[in-house]
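Novice: Mind having a look at this structure? Questions to follow.
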Amino acid sequence: MSERPLRIGTLGAARIAPAAIVKPARDVDDAELFAVAARDPAKAAKFARKHGVPRVHDTYDALLADDEIDAVYNPLPNGLHGVWTLRAIAAGKPVLCEKPLTANAAEAEQVAAAAEEAGLVVMEAFHYRYHPLAARMKEIVDSGELGSVRRLESWMCIPLPLFKDIRYRLDLAGGAVMDVGCYGIHQLRVLAGAEPTVTAARARLRSPQVDRWMQADFEWADGRTGQMTCALWSASLLKVAVRVTGAEGEMRVLNPARPQSFHRLTVRTKAGKRRERVKGDATYTYQLRAFVAAARDGAPVLTPLSDSVANMRVIDDVYRKAGLEPRSPSAA
C-alpha cells in the first residue's frame, strides 16, 4: 500500500497561500493541504470551504497539537515567522516558512539551532530558487561565458500603495527590504556564490523606520561589486530583474522571481546576443516537491537554514548601513 500524502497545516489564511500552498498541493501527489487555522476562525472556515481544506482549527496552537498534521506552512507576517516556526519545531513539525525566515539574524540563528537539535527540516520559501531558471542563471555565470564577473545587480520593485498593509507595519517587521529586497539580496548571494559586505545603503521611508524604497551597495572579497534596489512604492513602479556583468559579456534576466508568469534571459558576448526561455512548472510546485522530499526522506534543499541565517545577516547590515534598526520579532 502506498504511503499517504504529507499532511500540511497552514498557520493563517494569507493572501499568498492559494498560489504558494493550495494549488501546489493539488499538483504534488504526495502532499495534501489538510488543515488551516487563523486568528479569526470564521476566516479560516471560509478559506477551508473555498479551497477544500478538510480540517479547521480555532487556534494556531490547536493546529500544532494535531497529531494527524505532518508538517506546517507558515505564511504569517514577518515578525511572527520565527515565533511560530519555533513553536512548530517544539511540536515536532517540519516547517515550510515564508521569506524572510525571521525578523532578524539573531532570531534566524535561534530557529536554526532549534531545528538542528530537534532533527527537523525547516525550509525558507525562496520559491524562485527551485525553478530551472535559477539553475540556468547560475550555470551561465559559473561557466565563465561572461568572463571574470565584475558586477552583480538586482531590482525588486513593485507597486504597493496600500499604506495600511501589514508590509508597512514596523511592529510586524515590515519594510521593503523584508518583503521584496530579501529576494534581491538572495539572488545576488546565489549568483556570486559568496557572502558580500554591505558598503552603503540608502532608504526612503513611508513612516519612521519603515522603508518603502532601499538601495544597497555590496562588495565581495575578490573585488566584485554589486547593488540591490527594492521598493514597495517608488518612481520605479515595477522592475524585477537581475544583471551580471563580466569582462567578456553580460547576462540580464527579466522576472527571475516568478518565471512561470513571464521571463526573459538575455546573454550578450563578443559572439553575439541570444535570448533563452527556461520551461518549467510553477516555482511553488518545485518548492513543495523539494519540501516534501526533505521532510519525508531527508533530501537536501536549496534554501537550508545556513543560507537563511546568512541572508538575514545581510538584511540586518543593510538596515544598519541605511541608519535604521534591524527588525524585531512580534508578540505572538
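Bear in mind these aren't lab numbers, they're just calculated from the coordinates by the rules spelled out. What you see is a predicted model; the values in this text were computed from it and never measured. Every residue, glycine as well, gets a Cβ built from its backbone with ideal geometry; the counts of neighbours run over all protein chains shown.
Novice: With angles folded into 0 to 90 degrees, how steeply does helix 78-90 sit against the dominant principal axis of the chain? Use alpha carbons for both and round to 10.
Specialist: So the inclination is approximately 50 degrees.
Novice: I want the antiparallel fraction of DSSP beta bridges within segment 85-236, as a percent rounded to 5.
Specialist: Once the DSSP bridges in segment 85-236 are tallied, antiparallel ones form about 60 percent.
Novice: How far, in degrees from 0 to 90, does helix 132-143 lean away from the longest principal axis of the Cα atoms of the chain, to the nearest 10?
Specialist: Taking Cα atoms only, the helix is inclined about 30 degrees.
Novice: Compare the peptides 49-58, 30-39 by average per-residue count of other Cβ atoms within 10 angstrom and give them in order, highest first.
Specialist: Packing proxy ranking, top to bottom: 30-39, 49-58.
Novice: Using a cut-off of 14 Å between alpha-carbon atoms, which aspartates and glutamates can reach Lys46, once sequence neighbours fewer than 8 places away in the same chain are excluded?
Specialist: The reachable aspartates and glutamates, counting only those whose Cα sits under 14 Å from Lys46, are Asp58.
Novice: Another question, then. To check you understand DSSP bridge types, tell me what percent of the beta bridges within the chain (both residues inside) are antiparallel, rounded to 5.
Specialist: Once the DSSP bridges in the chain are tallied, antiparallel ones form about 60 percent.
Novice: So, one more: Mind pulling the angle between the C-alpha long axis of helix 41-51 and the longest principal axis of the chain? Nearest 10 degrees, somewhere in 0 to 90.
Specialist: Its long axis makes an angle of about 70 degrees.
Novice: Rounded to the nearest 500 deg cm²/dmol, what is the calculated helix-only ellipticity per residue at 222 nm for the chain, with -39500 (n - 2.57) per DSSP H run of length n ≥ 4?
Specialist: Mean residue ellipticity at 222 nm (helix-derived): -9500 deg cm²/dmol.
Novice: Now for a separate question. Under 19 Å Cα to Cα from Lys273, which lysines show up? Leave out anything in the same chain fewer than 8 places away.
Specialist: Cross-link targets: Lys138.
Novice: Additional query: Answer rounded, prolate or oblate for segment 132-279, using the Cα gyration tensor with square roots of eigenvalues a ≥ b ≥ c: rounded when a/c is under 1.5, else prolate when a/b is larger than b/c, else oblate.
Specialist: Verdict is prolate for segment 132-279.
Novice: Compare the Cα positions of Ala108, Leu64, Tyr130 along the charge dipole of the chain (+1 at Cβ of Lys, Arg; -1 at Cβ of Asp, Glu; about the Cα centre) and return the one farthest towards the positive end.
Specialist: It is Tyr130.
Novice: Further, regarding this structure: Is segment 216-275 best put as rounded, prolate or oblate by its Cα gyration tensor, with a ≥ b ≥ c the root eigenvalues, rounded for a/c under 1.5, and otherwise prolate when a/b is larger than b/c, oblate when not?
Specialist: Since a/c reaches 1.5 but b/c is at least a/b, the shape of segment 216-275 is classed as oblate.
Novice: When ranked by the protection proxy of mean other Cβ atoms within 10 Å per residue, highest first, what sequence do the peptides 182-192, 199-209, 265-275, 227-237 form?
Specialist: Values: 182-192: 24.5, 199-209: 15.3, 265-275: 12.5, 227-237: 20.5.
So the peptides 182-192, 199-209, 265-275, 227-237, ranked by packing, come out 182-192, 227-237, 199-209, 265-275.
Novice: Something else: What whole-number distance in Å separates the alpha-carbon centres of segment 13-61 and segment 66-133?
Specialist: 17 Å
Novice: Shifting gears a bit: Among Phe218, Val242, Tyr319, whose Cα projects farthest towards the positive end of the dipole of the chain, with charges put on the beta-carbon of Lys, Arg (+1) and Asp, Glu (-1)?
Specialist: Selected residue: Val242.
Novice: Right, something else. Between beta-carbons, use under 14 Å as the cut-off and find the net charge around Arg204, counting Lys and Arg +1, Asp and Glu -1.
Specialist: +2
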